[in-house]
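The values are calculated or read from the model by the stated rules, or taken from the named source; none is laboratory data. All of these numbers come straight from a predicted model, not from anything done at the bench. Neighbour counts are summed over all protein chains in view; Cβ atoms, including those assigned to glycine, are modelled from backbone coordinates with ideal geometry. For accessibility, only protein heavy atoms count, side chains too; no ligands or nucleic acids. Shrake-Rupley method; radii C 1.70, N 1.55, O 1.52, S 1.80 Å.
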Amino acid sequence: SIACPDSMSEPPTLDSLAAEVAALKATSLGTNAQALDAFYLLVCGVFVFFMQCGFALLEAGSVRTKNTKNILLKNLLDACIGAIIWWAWGFGVAYGDSGNSDGNTFIGTAPNNGGPFLAVGWAGEDSQNNGTTMTLWFFQYVFAATAATIVSGAVAERCALEAYLIYTTVLTGFIYPVVVHWVWCNNGFLSGAFTEDKDKTILGGCIDFAGSGVVHLTGGVAALCGAIAIGPRLGRFDADGKVVPMPGHSAPFQVLGTFILWMGWYGFNPGSTLGITPAGYGTIMARAAMCTTLSAAVGGITVVFFDRIFSKTYDVGMVCNGILAGLVSITAGCATVHPWAALVIGMIGGLVYRGCSHCVLHKLKVDDPLDSSSVHGACGAWGVIAAALLTTEEFAAAAGYQRRAGLFYGGGKLLGAALLQMVCILAWSGTNAGLVFLLLKKAGKLRRRETYMAAAPEEDLDSSIHGGAPLEPAEHGSGNTSRAESVDTSDPVIEMPDATPDKDQPAA
């Protein structure tokens, strides 16, 4: 409140009252700015977390009915396991020495008080008064869960649950957070925005605003390693090596999942400003949202019409993956390119996806049911390159990257840094993920073998380990009735399946 002037003092003037009111407003805004930023980040993080629902629907719709429960369980566990790991050590590996000028440039380490490891160093921190530190933890956690979920689609319908638990732990707790430290920590050697001492960076660091490389290329490379190591689903290729179609069982699930993922991307990309109150952040947020929309739209259109030339059909699944290809492609440069450039990036991203998907399946004979390696890996790599080509100096400076321009605007170092980022992620993620999957395969723990009944198909995971199909037939009672409870135990006769079972239907 404004104190009443003493009778002996000079009466206040309009200018003095205006100055005092302005000072009070500045103090109030300064106090609340961090809290507002924390709230903004929390809301964006909830959008990204909701992407797990999108992944669940998309993956469930893209597999056969008999493996639906299995893929849904892995999506649920991605969120559960990822939260524990990110609290225990994942966030520390990513940001452990953040703020220390002499911090490690390769991996996060624990300060004297433990820092973010188990959150032991956060007790009593001033930042906890407005929640900024814990909100950042939550926002980065949902990103980590996204990276882990990418891999589950590539090994769908045949990966053992034990193997899944091991590889998702390694990815979330070690492979992914190390890459985060390189690019998004203020000590990372590839951090173009956060490392103030550019002498600690190589070529000044790269531009990867929301994670085309950090999240999607890292997850996509791991997905490709997993798909190669685990081998194709039974019946995916005939005796001559030709591809046998294995369509997913629910186009509505695929479409709903894609729309939810698209919506979640508005937390993923605009939310990567990490705040909203600083001057200019609203403009960056809006640009990211607009570029995200345009790239997704043109990606879907490009893929469906380009695929029409070869397949002679308008494939709903292709539209879905084309949209996702556009989204992944624009993620790195969403805040640093013009809207027209976003159209170009999304269009080329759609073509990159279509070409890579064809090569992986038809040339390399790698069975990736969700096209995870193509959508996230190939388009993630293109997104990193696209940002280095089309970033403008003005937009880069506004987004915190100093005044750096892409190759088409007279800059050259950004492309070099982008290529270095790609090579580092390919080497790091490929080597570590490949080693994990290879060891699991050598130990005989990678691929699930059907044991529910002797003559059943190999990959009926819902019947063998989840108590039955996701939608039980009416004569078996409600969907909550277990397989064992639904069988008439008074009849000793066990019906065996036909000699040539339909592999697209659950074993009965």
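Indicate the gyration tensor shape class of the stretch 183-273 (rounded, prolate or oblate), computed on the Cα atoms with a ≥ b ≥ c the square roots of the eigenvalues: a/c under 1.5 is rounded; otherwise a/b larger than b/c is prolate and the rest oblate. Oblate is the answer for the stretch 183-273, as a/c is 1.5 or above yet b/c matches or exceeds a/b. The residues of the stretch 299-407 present an accessible area of 35 Å² per residue when probed at 1.4 Å with all protein chains retained.
At a 1.4 Å probe, what is the % contribution of carbon and sulfur to the accessible area of the stretch 171-264? Could the numbers behind the result be given before it?
Details: 2090 of 3100 Å².
With neighbouring chains kept in place, the figure for the stretch 171-264 is 67 percent.
Candidate cross-link partners of K74 among the lysines, defined by an alpha-carbon separation under 26 Å and a same-chain spacing of 8 or more, comprise K66, K365, K441, K442, K445, K503. Normalised per residue, the accessible area of the stretch 190-237 is 28 Å², obtained with a 1.4 Å probe and no contribution from ligands, DNA or RNA. Within the stretch 416-450, whose backbone N sits under 14 Å from a point 7 Å along Cα→Cβ of L165? Backbone N within reach: 445-446.
Sorted by accessible area (1.4 Å probe), largest first, how do E59, E393 line up? Could the numbers behind the result be given before it?
Working: E59 5, E393 80 Å².
Most to least solvent-accessible, the answer reads E393, E59.
Taking 16 Å as the cut-off, the amide N atoms of the stretch 138-160 that come nearer than this to a point 7 Å along the Cα-to-beta-carbon line of A88 belong to 145. Note on K413: lysines with a C-alpha under 29 Å away, same-chain residues under 8 apart excluded, are K198, K200. Residues whose amide H falls under 5 Å from that of S191, counting only those 5 or more places apart or on a different chain, are C206, with hydrogens built in the peptide plane. Among rounded, prolate and oblate, which fits the stretch 206-259 when a ≥ b ≥ c are the square roots of the eigenvalues of its C-alpha gyration tensor, a/c under 1.5 means rounded, and a/b larger than b/c means prolate? Cα axes put the stretch 206-259 in the oblate bin.
Residues whose amide H falls under 5 Å from that of F237, counting only those 5 or more places apart or on a different chain, are V244, with hydrogens built in the peptide plane.
Pull out a ≥ b ≥ c, the square roots of the eigenvalues of the alpha-carbon gyration tensor of the stretch 304-459, then state rounded if a/c is under 1.5, prolate if not and a/b is larger than b/c, and oblate in the remaining case. Walk me through the numbers before you get to the answer.
Working: a/c = 3.15, a/b = 1.65, b/c = 1.91.
Since a/c reaches 1.5 but b/c is at least a/b, the shape of the stretch 304-459 is classed as oblate.
Tell me the carbon and sulfur percent of the accessible area for the stretch 345-409, rounded to whole percent, probe radius 1.4 Å. Of the solvent-accessible surface of the stretch 345-409, carbon and sulfur hold 63 percent. First measure r as the distance between the Cβ atoms of S16 and L36, then evaluate 1/(1 + (r/R0)^6) with R0 = 25 Å and state the FRET efficiency to the nearest 0.05. That pair, S16 with L36, gives E of 0.30.
Find how much the distance from F237 to T283 grows on full extension, using 0.36 nm per residue of separation minus their present alpha carbon separation; answer in nm with one decimal. It would help to have the intermediate numbers written out before the result.
Details: separation 46, 0.36 × 46 = 16.56 nm, distance 5.03 nm.
Value of the extension gain: 11.5 nm.
Largest accessible area first, the residues I301, I150, I107 order themselves as I301, I107, I150 under a 1.4 Å probe with ligands, DNA and RNA left out.
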